[in-house]
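Step one of this worksheet: look at the structure below.
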Amino acid sequence: MKMRISFHTLGCKLNYSETSQLRDQYEKLGHEIVPFGNDTDAVLINTCTVTENADAECRKIIRKIQKISPKAFIGVTGCYAQLKSDEIATIPGVDAVIGTSDKLRIDQIITDYSKRNMPEIHVSSVDEAIFSFSQSADEDSRTRAFLKIQDGCDYSCSFCTIPLARGKSRSLDISEIPKRIRQLEEQGYHEIILSGINLGDYSHDDANFIDVLNLIESFDTKARFRIGSIEPNLVNESLLRLIASSNKIVPHLHMPLQSGSQSVLKRMKRRYKISKYYDNLILCKQLMPHACIGADVIVGFPGEADQEYEDTFSFIEQLPFSYLHVFTYSERDNTPAAEYDDPIPMRIRKLRNARLRALSDSKRRAFYESQIGSCHKVIPESFDHSTGHWKGWTENYVRVQFRGSQFLNMQPYVVQLDQLDHLSGTVISTLLDEPQLSNGYLQLSVI
Ligand code: SF4
(Lines give C-alpha, C1' and ligand atoms only; values in the text may rest on other atoms or scores of the structure.)
Protein backbone atom coordinates (compact mmCIF):
# COMPACT_ATOMS: atom_id res chain seq x y z
CA MET A 1 0.00 0.00 0.00
CA LYS A 2 1.34 3.43 -0.96
CA MET A 3 1.71 5.92 1.88
CA ARG A 4 3.08 9.32 2.77
CA ILE A 5 6.35 9.13 4.65
CA SER A 6 8.69 11.71 6.10
CA PHE A 7 12.18 11.56 7.57
CA HIS A 8 14.05 13.40 10.26
CA THR A 9 17.81 13.26 10.82
CA LEU A 10 19.95 14.11 13.83
CA GLY A 11 23.72 14.11 14.05
CA CYS A 12 26.54 13.73 11.59
CA LYS A 13 26.81 14.11 7.82
CA LEU A 14 26.94 10.35 7.45
CA ASN A 15 23.49 10.13 9.05
CA TYR A 16 22.19 12.70 6.57
CA SER A 17 23.70 10.70 3.75
CA GLU A 18 22.06 7.50 4.98
CA THR A 19 18.68 9.19 5.44
CA SER A 20 18.86 10.38 1.83
CA GLN A 21 19.56 6.84 0.77
CA LEU A 22 16.49 5.67 2.72
CA ARG A 23 14.40 8.43 1.19
CA ASP A 24 15.43 7.29 -2.31
CA GLN A 25 14.56 3.68 -1.46
CA TYR A 26 11.03 4.62 -0.32
CA GLU A 27 10.54 6.90 -3.31
CA LYS A 28 11.48 4.05 -5.65
CA LEU A 29 8.84 1.92 -3.95
CA GLY A 30 6.27 4.52 -4.99
CA HIS A 31 5.65 6.15 -1.60
CA GLU A 32 5.13 9.90 -1.37
CA ILE A 33 7.91 11.70 0.51
CA VAL A 34 6.50 14.59 2.54
CA PRO A 35 8.55 17.23 4.35
CA PHE A 36 9.05 16.56 8.03
CA GLY A 37 6.47 18.46 10.08
CA ASN A 38 3.60 17.86 7.61
CA ASP A 39 0.77 15.42 8.22
CA THR A 40 1.97 11.96 7.21
CA ASP A 41 1.34 8.22 7.54
CA ALA A 42 4.83 7.25 8.69
CA VAL A 43 7.99 8.90 10.01
CA LEU A 44 11.50 7.49 10.25
CA ILE A 45 13.89 9.23 12.63
CA ASN A 46 17.60 8.67 12.13
CA THR A 47 19.17 9.39 15.51
CA CYS A 48 22.52 10.31 16.95
CA THR A 49 23.82 9.69 20.44
CA VAL A 50 26.98 11.76 20.57
CA THR A 51 25.63 13.94 23.37
CA GLU A 52 22.84 13.77 25.92
CA ASN A 53 21.30 16.64 24.01
CA ALA A 54 20.93 14.39 20.95
CA ASP A 55 18.92 11.84 22.98
CA ALA A 56 16.65 14.55 24.40
CA GLU A 57 16.15 15.97 20.91
CA CYS A 58 14.97 12.57 19.66
CA ARG A 59 12.37 12.34 22.44
CA LYS A 60 11.18 15.86 21.64
CA ILE A 61 10.74 14.99 17.96
CA ILE A 62 8.65 11.93 18.79
CA ARG A 63 6.31 14.13 20.87
CA LYS A 64 6.08 16.61 17.99
CA ILE A 65 5.11 13.90 15.47
CA GLN A 66 2.38 12.65 17.79
CA LYS A 67 0.85 16.11 17.89
CA ILE A 68 0.92 16.59 14.10
CA SER A 69 0.11 13.05 12.98
CA PRO A 70 -1.26 11.03 15.92
CA LYS A 71 -1.88 8.00 13.71
CA ALA A 72 1.53 8.00 12.02
CA PHE A 73 3.80 4.97 12.32
CA ILE A 74 7.01 6.05 14.08
CA GLY A 75 10.25 4.17 13.43
CA VAL A 76 13.49 5.10 15.19
CA THR A 77 16.87 4.07 13.83
CA GLY A 78 20.51 5.22 14.11
CA CYS A 79 23.05 5.29 16.92
CA TYR A 80 20.65 6.09 19.78
CA ALA A 81 18.40 3.23 18.61
CA GLN A 82 21.38 0.87 18.49
CA LEU A 83 22.58 1.69 22.00
CA LYS A 84 19.31 2.34 23.86
CA SER A 85 16.64 0.32 22.05
CA ASP A 86 14.83 -0.61 25.29
CA GLU A 87 14.73 3.00 26.42
CA ILE A 88 13.31 4.16 23.06
CA ALA A 89 10.76 1.33 23.05
CA THR A 90 9.25 2.77 26.23
CA ILE A 91 8.63 6.18 24.64
CA PRO A 92 4.89 6.42 23.90
CA GLY A 93 4.10 6.40 20.18
CA VAL A 94 7.20 4.49 18.98
CA ASP A 95 6.27 1.54 16.75
CA ALA A 96 9.66 0.17 15.71
CA VAL A 97 13.29 0.48 16.77
CA ILE A 98 15.87 -0.50 14.16
CA GLY A 99 19.61 -0.72 14.87
CA THR A 100 22.44 0.58 12.72
CA SER A 101 23.20 -2.73 10.96
CA ASP A 102 19.69 -2.82 9.49
CA LYS A 103 19.29 0.90 8.93
CA LEU A 104 19.48 0.72 5.15
CA ARG A 105 17.19 -2.32 5.00
CA ILE A 106 14.23 -0.82 6.87
CA ASP A 107 12.10 -0.92 3.73
CA GLN A 108 12.61 -4.71 3.67
CA ILE A 109 12.25 -5.31 7.39
CA ILE A 110 9.12 -3.24 8.01
CA THR A 111 6.28 -4.11 5.67
CA ASP A 112 3.31 -3.10 7.82
CA TYR A 113 3.10 0.55 8.83
CA SER A 114 0.09 0.39 11.14
CA LYS A 115 0.38 1.54 14.75
CA ARG A 116 1.55 -1.16 17.17
CA ASN A 117 0.51 -1.85 20.74
CA MET A 118 4.09 -2.92 21.42
CA PRO A 119 7.05 -1.62 19.41
CA GLU A 120 8.99 -4.17 17.43
CA ILE A 121 12.75 -4.12 17.96
CA HIS A 122 15.29 -5.04 15.29
CA VAL A 123 18.70 -4.51 16.81
CA SER A 124 21.57 -6.88 16.16
CA SER A 125 25.21 -6.78 17.20
CA VAL A 126 27.41 -4.42 15.22
CA ASP A 127 30.46 -6.65 15.74
CA GLU A 128 30.10 -8.33 12.36
CA ALA A 129 28.47 -5.42 10.55
CA ILE A 130 29.33 -5.25 6.87
CA PHE A 131 29.83 -2.08 4.87
CA SER A 132 26.51 -0.65 3.65
CA PHE A 133 26.92 1.75 0.83
CA SER A 134 25.20 5.12 0.67
CA GLN A 135 25.54 8.16 -1.54
CA SER A 136 23.29 11.15 -1.44
CA ALA A 137 22.79 14.84 -1.98
CA ASP A 138 23.77 17.31 0.66
CA GLU A 139 20.59 18.72 2.15
CA ASP A 140 18.99 21.31 -0.14
CA SER A 141 21.73 20.92 -2.73
CA ARG A 142 21.51 19.59 -6.25
CA THR A 143 25.23 20.02 -6.81
CA ARG A 144 27.01 18.54 -3.75
CA ALA A 145 26.79 14.87 -2.80
CA PHE A 146 28.18 12.66 -0.09
CA LEU A 147 29.95 9.47 -1.02
CA LYS A 148 30.31 7.16 1.96
CA ILE A 149 33.45 5.10 1.57
CA GLN A 150 34.07 4.12 5.20
CA ASP A 151 32.02 3.34 8.32
CA GLY A 152 32.69 2.43 11.97
CA CYS A 153 35.82 3.05 14.03
CA ASP A 154 38.53 0.93 15.67
CA TYR A 155 39.75 3.70 17.98
CA SER A 156 38.71 3.99 21.60
CA CYS A 157 38.50 7.66 22.48
CA SER A 158 37.35 7.63 26.09
CA PHE A 159 34.29 9.87 25.52
CA CYS A 160 32.94 8.27 22.36
CA THR A 161 30.07 5.83 21.81
CA ILE A 162 30.39 5.67 18.04
CA PRO A 163 32.43 2.43 17.93
CA LEU A 164 29.71 0.82 20.09
CA ALA A 165 26.94 2.16 17.87
CA ARG A 166 28.50 1.66 14.46
CA GLY A 167 30.97 -1.17 14.97
CA LYS A 168 34.43 -1.83 13.58
CA SER A 169 36.01 0.14 10.77
CA ARG A 170 35.06 -1.13 7.32
CA SER A 171 35.35 0.37 3.85
CA LEU A 172 33.92 0.35 0.36
CA ASP A 173 35.83 -1.80 -2.11
CA ILE A 174 38.23 0.58 -3.89
CA SER A 175 37.28 -0.89 -7.27
CA GLU A 176 33.70 0.36 -6.68
CA ILE A 177 34.73 3.97 -6.23
CA PRO A 178 35.09 5.00 -9.93
CA LYS A 179 31.66 3.57 -10.71
CA ARG A 180 30.09 5.49 -7.81
CA ILE A 181 31.79 8.74 -8.83
CA ARG A 182 30.54 8.33 -12.39
CA GLN A 183 26.98 7.75 -11.14
CA LEU A 184 27.07 10.94 -9.09
CA GLU A 185 28.49 12.90 -12.01
CA GLU A 186 25.75 11.60 -14.27
CA GLN A 187 23.20 12.76 -11.71
CA GLY A 188 24.61 16.27 -12.07
CA TYR A 189 26.78 16.59 -8.97
CA HIS A 190 29.89 18.74 -9.26
CA GLU A 191 31.22 18.28 -5.75
CA ILE A 192 31.64 14.94 -3.98
CA ILE A 193 32.30 14.86 -0.26
CA LEU A 194 34.19 11.74 0.76
CA SER A 195 32.52 10.60 3.98
CA GLY A 196 33.14 8.17 6.78
CA ILE A 197 33.25 7.95 10.55
CA ASN A 198 37.04 7.63 10.55
CA LEU A 199 37.65 8.38 6.89
CA GLY A 200 41.45 8.48 7.03
CA ASP A 201 41.39 4.91 8.37
CA TYR A 202 39.97 3.73 5.03
CA SER A 203 41.29 0.26 4.34
CA HIS A 204 40.22 -2.31 1.80
CA ASP A 205 42.47 -5.23 0.91
CA ASP A 206 45.82 -3.44 0.58
CA ALA A 207 44.41 -0.03 -0.30
CA ASN A 208 44.51 2.87 2.14
CA PHE A 209 43.14 6.42 2.07
CA ILE A 210 46.09 7.81 0.09
CA ASP A 211 45.40 5.14 -2.55
CA VAL A 212 41.80 6.39 -2.76
CA LEU A 213 43.02 9.96 -3.29
CA ASN A 214 45.54 8.82 -5.92
CA LEU A 215 42.80 6.90 -7.67
CA ILE A 216 40.64 10.04 -7.74
CA GLU A 217 43.60 12.04 -9.05
CA SER A 218 44.09 9.68 -11.96
CA PHE A 219 40.37 9.31 -12.69
CA ASP A 220 38.88 11.19 -15.60
CA THR A 221 36.30 13.36 -13.85
CA LYS A 222 35.38 17.02 -13.72
CA ALA A 223 33.99 16.78 -10.20
CA ARG A 224 35.85 18.27 -7.26
CA PHE A 225 36.33 16.28 -4.04
CA ARG A 226 36.21 17.34 -0.41
CA ILE A 227 37.64 15.25 2.42
CA GLY A 228 34.84 15.15 5.01
CA SER A 229 37.01 14.94 8.12
CA ILE A 230 40.30 13.29 8.97
CA GLU A 231 41.92 12.33 12.28
CA PRO A 232 45.15 14.29 12.95
CA ASN A 233 47.27 11.17 13.43
CA LEU A 234 46.37 10.10 9.88
CA VAL A 235 47.47 13.36 8.31
CA ASN A 236 51.07 13.43 7.08
CA GLU A 237 53.28 15.29 4.68
CA SER A 238 52.52 13.09 1.68
CA LEU A 239 48.78 13.54 2.17
CA LEU A 240 49.13 17.32 2.45
CA ARG A 241 51.41 17.49 -0.60
CA LEU A 242 48.95 15.39 -2.56
CA ILE A 243 46.09 17.80 -1.73
CA ALA A 244 48.29 20.82 -2.44
CA SER A 245 49.22 19.59 -5.90
CA SER A 246 45.75 18.33 -6.78
CA ASN A 247 43.30 19.94 -9.18
CA LYS A 248 40.50 17.77 -7.89
CA ILE A 249 40.86 17.56 -4.11
CA VAL A 250 39.97 20.90 -2.58
CA PRO A 251 42.12 22.73 0.01
CA HIS A 252 39.88 22.15 3.01
CA LEU A 253 41.02 20.12 6.01
CA HIS A 254 38.58 19.32 8.80
CA MET A 255 40.81 17.83 11.50
CA PRO A 256 39.15 17.10 14.89
CA LEU A 257 41.23 18.71 17.65
CA GLN A 258 39.01 18.00 20.68
CA SER A 259 41.45 19.70 23.06
CA GLY A 260 44.53 21.89 22.83
CA SER A 261 45.81 20.53 26.14
CA GLN A 262 48.19 17.57 26.01
CA SER A 263 46.99 16.24 29.37
CA VAL A 264 43.32 16.33 28.31
CA LEU A 265 44.15 14.65 24.99
CA LYS A 266 45.81 11.88 26.97
CA ARG A 267 42.73 11.38 29.16
CA MET A 268 40.58 11.42 26.02
CA LYS A 269 42.82 8.61 24.66
CA ARG A 270 43.34 10.51 21.43
CA ARG A 271 46.09 9.13 19.21
CA TYR A 272 48.22 12.23 18.64
CA LYS A 273 50.25 14.75 20.52
CA ILE A 274 49.38 18.41 20.32
CA SER A 275 52.73 19.00 18.57
CA LYS A 276 51.64 16.67 15.74
CA TYR A 277 48.44 18.67 15.29
CA TYR A 278 50.45 21.89 15.27
CA ASP A 279 52.91 20.54 12.66
CA ASN A 280 50.07 19.36 10.39
CA LEU A 281 48.36 22.72 10.54
CA ILE A 282 51.51 24.75 9.90
CA LEU A 283 52.58 22.55 6.98
CA CYS A 284 49.07 22.68 5.53
CA LYS A 285 49.14 26.48 5.58
CA GLN A 286 52.68 26.60 4.17
CA LEU A 287 51.70 24.40 1.24
CA MET A 288 48.21 25.94 0.79
CA PRO A 289 48.01 29.44 2.30
CA HIS A 290 44.38 29.77 1.20
CA ALA A 291 43.32 26.42 2.74
CA CYS A 292 40.33 26.31 5.06
CA ILE A 293 41.09 24.50 8.31
CA GLY A 294 38.25 23.45 10.62
CA ALA A 295 38.22 21.51 13.87
CA ASP A 296 35.89 19.87 16.38
CA VAL A 297 36.52 20.81 20.00
CA ILE A 298 34.99 19.35 23.18
CA VAL A 299 34.75 21.57 26.25
CA GLY A 300 34.10 20.52 29.84
CA PHE A 301 35.75 17.09 29.61
CA PRO A 302 36.01 15.54 33.13
CA GLY A 303 38.78 17.19 35.09
CA GLU A 304 39.39 19.91 32.47
CA ALA A 305 41.13 22.44 34.72
CA ASP A 306 40.90 26.16 34.02
CA GLN A 307 44.48 26.12 32.76
CA GLU A 308 43.81 23.18 30.42
CA TYR A 309 40.85 25.03 28.94
CA GLU A 310 42.99 28.18 28.59
CA ASP A 311 45.65 26.07 26.82
CA THR A 312 43.01 24.98 24.33
CA PHE A 313 41.77 28.52 23.87
CA SER A 314 45.21 30.01 23.28
CA PHE A 315 46.27 27.12 21.01
CA ILE A 316 43.30 27.89 18.76
CA GLU A 317 43.60 31.65 19.11
CA GLN A 318 47.21 31.75 17.90
CA LEU A 319 46.73 29.44 14.91
CA PRO A 320 45.05 30.04 11.54
CA PHE A 321 41.91 28.00 12.11
CA SER A 322 39.01 28.97 9.85
CA TYR A 323 36.12 27.70 11.98
CA LEU A 324 35.31 25.39 14.92
CA HIS A 325 32.54 22.98 15.76
CA VAL A 326 32.30 23.29 19.53
CA PHE A 327 30.68 20.51 21.59
CA THR A 328 29.83 20.57 25.26
CA TYR A 329 30.97 17.31 26.85
CA SER A 330 28.18 15.10 28.16
CA GLU A 331 28.55 11.80 30.00
CA ARG A 332 27.67 8.80 27.81
CA ASP A 333 26.89 5.37 29.24
CA ASN A 334 29.50 2.65 28.72
CA THR A 335 32.34 5.06 28.05
CA PRO A 336 35.42 5.28 30.31
CA ALA A 337 35.19 9.07 30.58
CA ALA A 338 31.74 8.83 32.17
CA GLU A 339 33.45 7.20 35.18
CA TYR A 340 36.23 9.77 35.45
CA ASP A 341 36.48 11.92 38.57
CA ASP A 342 35.93 15.62 38.74
CA PRO A 343 33.00 16.31 36.41
CA ILE A 344 32.86 19.94 35.33
CA PRO A 345 29.71 21.79 36.44
CA MET A 346 27.32 22.31 33.51
CA ARG A 347 27.35 26.08 34.04
CA ILE A 348 31.13 26.14 33.42
CA ARG A 349 30.87 23.79 30.43
CA LYS A 350 28.35 26.19 28.84
CA LEU A 351 30.48 29.26 29.54
CA ARG A 352 33.51 27.56 27.99
CA ASN A 353 31.45 26.59 24.97
CA ALA A 354 30.13 30.13 24.46
CA ARG A 355 33.63 31.61 24.63
CA LEU A 356 35.00 29.18 22.06
CA ARG A 357 32.03 29.76 19.76
CA ALA A 358 32.74 33.47 19.85
CA LEU A 359 36.37 32.68 18.98
CA SER A 360 35.14 30.49 16.12
CA ASP A 361 33.02 33.37 14.77
CA SER A 362 35.99 35.71 14.79
CA LYS A 363 38.21 33.06 13.15
CA ARG A 364 35.68 32.50 10.38
CA ARG A 365 35.35 36.23 9.82
CA ALA A 366 39.13 36.67 9.68
CA PHE A 367 39.45 33.77 7.24
CA TYR A 368 36.70 35.13 4.99
CA GLU A 369 38.22 38.61 5.09
CA SER A 370 41.63 37.19 4.17
CA GLN A 371 40.05 35.85 0.98
CA ILE A 372 38.54 39.16 -0.18
CA GLY A 373 39.91 40.10 -3.60
CA SER A 374 40.78 36.53 -4.58
CA CYS A 375 39.04 34.48 -7.25
CA HIS A 376 37.58 31.05 -6.65
CA LYS A 377 35.39 28.46 -8.26
CA VAL A 378 31.93 28.27 -6.80
CA ILE A 379 29.15 25.85 -7.57
CA PRO A 380 25.70 27.49 -7.45
CA GLU A 381 23.49 25.65 -5.00
CA SER A 382 20.38 27.58 -4.11
CA PHE A 383 18.68 30.66 -5.51
CA ASP A 384 16.97 33.23 -3.31
CA HIS A 385 14.11 34.78 -5.30
CA SER A 386 13.72 37.65 -2.84
CA THR A 387 17.29 38.89 -3.34
CA GLY A 388 18.14 37.50 -6.78
CA HIS A 389 21.25 35.91 -5.25
CA TRP A 390 22.74 32.49 -5.70
CA LYS A 391 24.51 30.84 -2.79
CA GLY A 392 27.30 28.32 -2.92
CA TRP A 393 30.71 27.31 -1.58
CA THR A 394 34.15 28.02 -2.95
CA GLU A 395 36.64 25.18 -3.09
CA ASN A 396 38.21 26.49 0.14
CA TYR A 397 34.84 26.52 1.89
CA VAL A 398 33.92 30.17 1.83
CA ARG A 399 30.15 30.64 1.76
CA VAL A 400 29.44 33.11 -1.03
CA GLN A 401 26.47 34.77 -2.65
CA PHE A 402 26.43 36.36 -6.07
CA ARG A 403 23.85 37.87 -8.35
CA GLY A 404 22.85 35.91 -11.42
CA SER A 405 19.89 34.71 -13.41
CA GLN A 406 17.72 32.17 -11.71
CA PHE A 407 18.21 30.09 -14.88
CA LEU A 408 21.97 29.81 -14.34
CA ASN A 409 23.35 26.40 -15.18
CA MET A 410 24.35 24.45 -12.09
CA GLN A 411 28.02 24.27 -13.00
CA PRO A 412 31.17 25.71 -11.41
CA TYR A 413 31.76 29.43 -12.05
CA VAL A 414 34.69 31.66 -11.20
CA VAL A 415 33.78 34.42 -8.78
CA GLN A 416 35.73 37.24 -7.26
CA LEU A 417 35.19 37.68 -3.53
CA ASP A 418 34.29 41.33 -2.97
CA GLN A 419 33.10 41.96 0.54
CA LEU A 420 31.89 40.25 3.67
CA ASP A 421 28.19 40.59 4.34
CA HIS A 422 28.18 40.74 8.13
CA LEU A 423 24.43 40.22 8.30
CA SER A 424 24.31 36.97 6.37
CA GLY A 425 27.82 35.78 7.27
CA THR A 426 28.56 35.12 3.60
CA VAL A 427 30.90 36.80 1.15
CA ILE A 428 29.30 38.85 -1.61
CA SER A 429 30.97 37.97 -4.90
CA THR A 430 31.05 38.96 -8.52
CA LEU A 431 30.55 36.34 -11.16
CA LEU A 432 33.53 36.51 -13.54
CA ASP A 433 32.79 33.64 -15.89
CA GLU A 434 30.97 34.05 -19.14
CA PRO A 435 28.07 31.82 -18.15
CA GLN A 436 26.21 29.83 -20.73
CA LEU A 437 22.85 31.14 -21.81
CA SER A 438 20.04 29.18 -20.36
CA ASN A 439 16.44 29.48 -21.53
CA GLY A 440 17.68 32.34 -23.69
CA TYR A 441 18.01 34.57 -20.64
CA LEU A 442 20.91 35.53 -18.49
CA GLN A 443 21.56 38.42 -16.27
CA LEU A 444 24.94 39.29 -14.84
CA SER A 445 25.34 42.16 -12.49
CA VAL A 446 28.07 43.50 -10.31
CA ILE A 447 27.14 44.24 -6.74
S1 SF4 B 1 38.18 8.52 16.25
FE2 SF4 B 1 37.54 8.63 18.41
S3 SF4 B 1 35.97 10.23 18.40
FE4 SF4 B 1 36.20 9.59 16.27
S5 SF4 B 1 34.65 7.95 15.99
FE6 SF4 B 1 36.55 6.96 16.54
S7 SF4 B 1 36.43 6.70 18.77
FE8 SF4 B 1 34.91 8.24 18.20
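Of the residues making up segment 222-277, just one is of a type in the set (Asp, Glu) and either away from the ligand (no atom under 16 Å from the Cβ) or not assigned by TED's automatic domain parsing to the domain that holds Ala295 (or both), namely Glu237. Any residue in segment 122-130 that is on the phi > 0 side of the Ramachandran plot and within 16 Å of the ligand (Cβ to nearest atom)? Within segment 122-130 (the criterion being on the phi > 0 side of the Ramachandran plot and within 16 Å of the ligand (Cβ to nearest atom)), the answer is no, since none of the residues qualifies. Residues of segment 352-360 include at least one that is free of Cβ contacts under 8 Å to residues at least 24 places away in the same chain and in the same structural domain as Leu257 (by TED's automatic domain parsing).
Matching residues to (1) at pLDDT 95 or above; (2) hydroxyl-bearing (Ser, Thr, Tyr); (3) closer than 23 Å to His254 by Cβ:
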| position | (1), (2), (3) |
| --- | --- |
| Ala354 | yes, no, yes |
| Ser360 | yes, yes, yes |
| Glu369 | yes, no, yes |
| Tyr397 | yes, yes, yes |
| Ser405 | no, yes, no |
| Ile428 | no, no, no |
| Leu431 | no, no, no |
| Glu434 | no, no, no |
| Gln443 | no, no, no |
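Exactly one of these conditions fails for Ser125: (1) at pLDDT below 90; (2) crowded, with 22+ Cβ neighbours inside 10 Å; (3) of a type in the set (Ser, Thr, Tyr). Give me its number. (2) is the only condition that Ser125 fails.
Can you name the strands (runs of 3 or more DSSP E) wholly within segment 1-80 that have at least 1 residues being surrounded by fewer than 19 Cβ atoms within 10 Å (Cβ to Cβ)? Please lay out each step first, then the result.
Working: elements: 4-9, 42-47, 73-78.
Where strands (runs of 3 or more DSSP E) fall fully within segment 1-80 and carry at least 1 residues being surrounded by fewer than 19 Cβ atoms within 10 Å (Cβ to Cβ), they are 4-9.
In segment 142-166, the residue that is surrounded by the most Cβ atoms within 10 Å (Cβ to Cβ) out of those that are part of a loop (DSSP other than H, G, I, E, B) and away from the ligand (no atom under 11 Å from the Cβ) is Ile149.
Every residue, every condition in (1) within 29 Å of Arg357 (Cβ to Cβ); (2) out of contact with any Cys (no Cβ under 7 Å at 6 or more places or on another chain); (3) modelled with pLDDT of 95 or more, yes or no:
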| site | (1), (2), (3) |
| --- | --- |
| Glu231 | yes, yes, yes |
| Asn236 | no, yes, yes |
| Ser246 | no, yes, yes |
| Val250 | yes, yes, yes |
| Ser259 | yes, yes, yes |
| Leu283 | yes, yes, yes |
| Ile293 | yes, no, yes |
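Residue count for segment 14-65 satisfying the condition of being within 13 Å of Cys79 (Cα to Cα) and among the acidic types (Asp, Glu): 3.
The values are calculated or read from the model by the stated rules, or taken from the named source; none is laboratory data. It should be emphasised that the depicted structure is a prediction, and the values quoted were computed from it without experimental measurement. Backbone-built Cβ (ideal geometry, glycine too); neighbour counts: all protein chains shown.
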